[in-house]
1. Work out, step by step, the length gained on full extension between Glu180 and Lys80: first 0.36 nm times the residue separation, then minus their alpha carbon distance; give nm to one decimal.
2. Hey, got a sec? Which trypsin sites (Lys or Arg not before Pro) in the range 34-93 land in a DSSP loop and have at most 14 other Cβ atoms within 10 Å?
3. Once both axes come from the Cα atoms, what is the angle between helix 162-186 and the longest principal axis of the chain, in degrees from 0 to 90, rounded to 10?
4. First select every other residue whose beta carbon is under 10 angstrom from the beta carbon of Val50; then total the charges, Lys and Arg +1, Asp and Glu -1.
5. Give me the distance between the Cα centres of the range 76-128 and the range 135-154, rounded to whole Å.
6. Classify the range 51-119 as rounded, prolate or oblate from the Cα gyration tensor: take a ≥ b ≥ c as the square roots of its eigenvalues, call it rounded if a/c is under 1.5, otherwise prolate when a/b beats b/c and oblate if not.
7. Against the longest alpha carbon principal axis of the chain, how many degrees, from 0 to 90 and to the nearest 10, is the axis of helix 2-21 turned?
8. Among [x] 41, 18, 16; [y] 31, 20, 15; [z] 24, 22, 14, which is the computed semi-axes √(5λ) of the Cα gyration tensor in Å?
Amino acid sequence: MRQNTYFQIMVLLNALLFFAAMPISASENVASKMIETEAGELILSQTLVVNSNIEKVWEAYTTSSGWQSWAAPKAEIELKVAGTIKTHYGPDKSIGDPGTITLNIVNYVPFKALTLQAQLSEHWPNIMKEDAENLMNLIVFEELSNDRVKINSYGVGYRNLPEYLELMNYFIPANESLLEKLKNYVEK
């Protein structure tokens with residue numbers, strides 16, 4: 001039994017080393033990779049460059065109409081520290097109906113950075129509910145020129161555990177798909 005557990009741990013460690021060192025993007029426009037910190041935490045880094053101005057990119061992330069144009073059919077945004085972004089993906093639903101997703105705005109610097117933290121419902125995996133206070137998304141906007149913006153999204157607070165690695169199989173392509181929609185919207 002001990003030898004079997006040791007073998008499983010070694011396979012997992014080798015997979016983690018390989019996974020952390022390799023880009024994991026499925027998208028041609030979004031660069032996704034996992035970064036392991038010295039503390040053993042994982043950061044999901046996703047980067048996208050769009051051909052648009054910073055004002056349109058910022059509007060897409062920080063206004064209800066902007067969010068509805070690329071992310072969700074229903075959105076309400078109160079842009080302020082301790083404000084919220086509330087969305088619903090059901091086109092026939094309303095904000096506040098079951099299934100509403102609420103992101104707390106932890107902080108922001110206009111046209112530079114936005115830090116979000118999800119309010120986790122009972123539908124989220126237990127491992128994430130245990131770590132809810134540590135899980136955040138830092139989005140950094142870098143104006144490369146008048147019509148090019150680099151968006152760096154950092155999902156932070158993940159632990160280096162098999163449950164999180166399994167969740168990344170969902171989050172990485174889902175986030176990449178959403179960022180592709182953002183690119184399509186801001187480049188119109």
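1. Values: separation 100, 0.36 × 100 = 36.00 nm, distance 2.62 nm.
Gain on stretching Glu180 to Lys80: 33.4 nm.
2. Working: sites: Lys56, Lys74, Lys80, Lys86, Lys93; in loops: Lys80, Lys93.
Those satisfying the criteria are Lys80, Lys93.
3. The angle comes out near 20 degrees.
4. Working: positive: Lys56, Arg148, Lys150, Lys183; negative: Asp147, Glu187.
Overall, the nearby charge balance is +2.
5. A separation of 19 Å, based on Cα centres.
6. Working: a/c = 2.75, a/b = 1.35, b/c = 2.03.
In terms of gyration-tensor shape, oblate.
7. 30 degrees
8. For semi-axes √(5λ) of the Cα gyration tensor in Å, the calculated option is [y].
The values are calculated or read from the model by the stated rules, or taken from the named source; none is laboratory data. These figures come from a predicted structure and were not determined experimentally. Methodologically, a virtual Cβ is constructed for each residue, glycine included, from the backbone with ideal geometry; neighbour enumeration extends over all protein chains shown. Surface accessibility is based on the protein's heavy atoms, side chains included, excluding ligands, DNA and RNA. Shrake-Rupley method; radii C 1.70, N 1.55, O 1.52, S 1.80 Å.
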